[in-house]
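Structure first, then comments.
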């Protein structure tokens, strides 16, 4: 792990600090791009990984962020009911443009614009969880309470 953070990772660290969080981003030698890779890299359960999934609302084209437990699959119909319109897939360009980050490294904070955010209630069962931090090999450890506080997201059942 390097002491000098890459630009995207430093952006996340700065966002955390601006929110008053004393959390520290680390760049791992191994990939943390997928939930399975992240769990292996940090040595935790799959469910403790925070997957930041960006969707595109079909009519309004606004970005929707779902932060889900690494063990869960998002029920898109449940999100559609909450936002009042169908969801579409967000391609890599849309994700980068609206968040400022690449797929596989999207953190829960520090985005280019404010994202409507939904948080998987299953993350609340853990004392500590791990989220992406700007690149496919950077993460940070936090509590579920930190996640709710920093994102202002709505806690829901996503499965």
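Bear in mind these aren't lab numbers, they're just calculated from the coordinates by the rules spelled out. Remember, predicted model here, so these are calculated numbers, not experimental data. Every residue, glycine among them, receives a Cβ derived from its backbone with ideal geometry; neighbour counts consider all protein chains shown.
A few remarks follow.
- With neighbours defined as other Cβ atoms within 10 Å of a residue's Cβ, the residues 150, 28 order from fewest to most as 28, 150.
- Neighbour-count ranking [beta-carbon atoms within 10 angstrom, fewest first] of 143, 69: 143, 69
- Helix content alone sets the calculated 222 nm mean residue ellipticity of the chain: runs of n ≥ 4 DSSP H residues at -39500 (n - 2.57) each, divided across all residues, give -7500 deg cm²/dmol.
- Angle in degrees between helix 7-18 and the longest Cα principal axis of the chain, rounded to the nearest 10: 80 degrees
- Bridge type composition, the chain - antiparallel percent by DSSP, nearest 5: 65 percent
- Between residue 10 and residue 77, the contour length at 0.36 nm per residue exceeds the alpha carbon distance by 20.6 nm.
- Cα shape, the stretch 3-60, gyration tensor, a/c 1.5 rule: oblate
- The stretch 115-157 shape via C-alpha gyration tensor axes, a/c threshold 1.5: oblate
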